[in-house]
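Q: This structure is in structure tokens; I'll ask about it shortly.
The values are calculated or read from the model by the stated rules, or taken from the named source; none is laboratory data. Small disclaimer: the values here were computed from a predicted structure and weren't measured. All Cβ positions, glycine included, derive from the backbone under ideal geometry; neighbour counts span all protein chains shown. All accessible areas refer to the heavy atoms of the entire protein, side chains included, with ligands and DNA or RNA removed. Shrake-Rupley method; radii C 1.70, N 1.55, O 1.52, S 1.80 Å.
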Amino acid sequence: MTQPATANSPRSGSDRIIPHLAALVSDARLGALQPHCVELADLSQMSASEAAMKFGGGVMLLEQGLPGWDELLLKLAVDRPSTAVIVLSDQIPGNMVRALMKLDASDVLPISSIPADVIEAAEKLRDTSTGGVGGSSVCWAFRGAVGGAGVTTIAIESAFELARRFGPGRVCLVDLNVADGMTTSFLEAVPKLDLSALAAAPERLDPRLLAAWCYQHESGVSIIAAPRNPDGDALAREPAVLRLLDVACGMFEFTIVDMPRHMMPWTKSVLSAVDEAIVISELTVPSLHAAADMARETDVLRHDRAPAKLVLNRMFQKKRLRAEFALDKAEGAIDRKIDSTITSDWDAARTAVNLGRPIAEVVQKSPLVSDIGKLVQMMLPEEIQAAAPVEGKRRRRG
């Protein structure tokens with residue numbers, strides 16, 4: 001998404017904010033780093049295996065001399081080489097140097113380094129460890145052509161899929177259904193966005209304030225949502241929404257937007273600016289025509305940008321006999337390509353919602369999750385696809 005100069009302009013070390021950092025450091029250093037991170041994970045109470053499993057693939061800070069720092073580094077070198085690691089050391093042992101060489105991205109800073117040094121190194125590693133993702137953020141907007149098309153579920157699962165591929169702290173999920181959004185209910189999350197404050201002074205929103213409005217899901221996805229408010233649509237004026245998305249895109253590599261179906265004053269501006277606009281519908285005649293109309297209207301807004309993607313949700317599994325017509329006939333009826341389909345898995349989706357967890361953690365081989373993975377892979381820019389694992393395979397090392 002196009003960002004204002006303020007989102008990408010150089011900041012002093014004391015003002016820099018990064019989305020996520022997992023750290024095995026002293027208590028004093030942990031406290032000093034806290035104001036500079038949206039989410040700062042303390043690894044001191046975790047085993048090496050637990051830390052590698054939960055935070056591998058993201059950015060880690062290890063301080064030499066802390067119990068278990070060497071064991072964790074060796075574990076990452078073997079099992080999670082895609083992790084970007086910063087080591088604080090004045091004289092790092094040779095075997096640890098060899099472990100660092102096995103990682104895709106790493107850096108060594110002196111023990112005397114201040115938080116600004118660490119944050120600067122972390123920013124550079126985030127850029128290089130994802131093939132340059134951090135240098136050009138990606139923003140996708142999901143919108144339903146009809147009510148109840150499953151937009152929120154698809155947006156949530158797409159965010160989880162990106163977090164699994166690229167690691168924690170890189171993905172932000174923004175719920176713009178400010179009147180009746182369900183994202184936080186689905187995930188048992190806390191809606192922390194102060195919509196009234198944002199609407200009153202959108203120009204005051206900066207990374208530090210947005211960090212306070214982010215809820216950190218244990219999956220590594222940051223969630224921005226306001227408490228449900230029947231008057232929310234009146235507060236969500238265009239300057240506030242655009243500022244919110246601009247700052248989010250400046251902080252995160254991937255920003256996923258769950259949009260309301262009904263037209264808002266800011267809808268056209270958002271759809272014209274995002275990298276991908278995805279229209280969600282179902283395989284029924286009325287839904288198809290509504291989706292085709294919405295996709296054409298979106299294409300007009302986007303001019304020379306990528307045309308809207310049309311995705312059909314709640315498709316029956318092929319082995320089940322149902323009165324559905326073929327996709328080619330559906331495409332012919334609306335004179336438009338259907339870019340992707342999502343298989344229905346109601347039981348898995350319902351269980352995941354009740355537990356507040358990703359569907360992949362509830363049913364590992366859910367066809368819905370597999371189809372979301374294919375959708376995400378299709379929409380990733382070419383320069384990022386090479387850095388992303390496909391269908392659950394470990395990311396290739398550069």
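Q: Got a number for residues in the range 371-385 being in contact with a strand residue (DSSP E or B) (Cβ under 6 Å, 6 or more places away or on another chain) and exposed (fewer than 15 other Cβ atoms within 10 Å of the Cβ)?
A: 0
Q: Somewhere in the range 282-289, is a residue open to solvent by 50 Å² or more (accessible area, probe 1.4 Å), under 13 Å from R143 (Cα atoms), assigned to a helix (DSSP H, G or I) and out of contact with any strand residue (DSSP E or B) (no Cβ under 9 Å at 6 or more places or on another chain)?
A: no
Q: Going through the range 220-232 one residue at a time, which ones are touching a Pro at 6+ places or on another chain (Cβ under 6 Å) and under 17 Å from L40 (Cβ atoms)?
A: Scanning the range 220-232 gives a single hit, G220.
Q: Restrict the check to the range 199-208 and report whether at least one residue is closer than 26 Å to E157 by Cβ and not in a strand (DSSP E or B).
A: no
Q: For L312, which of the numbered conditions (1) part of a strand (DSSP E or B); (2) open to solvent by 40 Å² or more (accessible area, probe 1.4 Å); (3) not acidic (D, E) fails to hold?
A: Every listed condition holds for L312 apart from (2).
Q: Could you please find all residues in the range 150-178 being closer than 21 Å to D345 by Cα, in contact with a strand residue (DSSP E or B) (Cβ under 7 Å, 6 or more places away or on another chain) and part of a helix (DSSP H, G or I)?
A: The answer is V151, T152, I154, A155, I156, S158, A159, F160, L162.
Q: Pull up the range 232-264, narrow it to residues that are under 19 Å from S185 (Cβ atoms) and open to solvent by 40 Å² or more (accessible area, probe 1.4 Å), then point me to the one that is farthest from the chain's Cα centre (by Cα).
A: D233
Q: Further question on the same structure: Determine which single condition S12 fails, assuming it passes every other condition in (1) of a type in the set (G, A, S); (2) under 24 Å from I223 (Cα atoms); (3) modelled with pLDDT under 90; (4) open to solvent by 40 Å² or more (accessible area, probe 1.4 Å).
A: Here S12 meets the rest and fails (2).
Q: Wholly within the range 62-131, which helices (runs of 4 or more DSSP H) include no fewer than the required count, namely at least 3 residues that are β-branched (V, I, T)?
A: Here the list reads 115-129.
Q: Something else about it: Within the range 19-43, can you find the residues that are open to solvent by 50 Å² or more (accessible area, probe 1.4 Å), touching a helix residue (DSSP H, G or I) at 6+ places or on another chain (Cβ under 8 Å) and not acidic (D, E)?
A: P35
Q: Tell me the residue from E71, E157 that is buried (at least 17 other Cβ atoms within 10 Å of the Cβ) and of a type in the set (D, E, K, R), please.
A: So the residue among E71, E157 that is buried (at least 17 other Cβ atoms within 10 Å of the Cβ) and of a type in the set (D, E, K, R) is E157.
Q: Can I ask one more? Have a look at D347, D328, D299, D304 and point out the one that is open to solvent by 70 Å² or more (accessible area, probe 1.4 Å), assigned to a helix (DSSP H, G or I) and farther than 22 Å from E161 by Cα.
A: Testing whether each residue is open to solvent by 70 Å² or more (accessible area, probe 1.4 Å), assigned to a helix (DSSP H, G or I) and farther than 22 Å from E161 by Cα leaves just D328.
Q: Out of the residues in the range 164-182 that are buried (at least 24 other Cβ atoms within 10 Å of the Cβ) and small (G, A, S), which is farthest from I223 (Cα to Cα)?
A: Checking each candidate, the answer is G167.
Q: Is it true that A141 is in a helix (DSSP H, G or I), of a type in the set (A, V, I, L, M), in contact (Cβ under 8 Å) with a residue 24 or more places away in the chain and open to solvent by less than 30 Å² (accessible area, probe 1.4 Å)?
A: no
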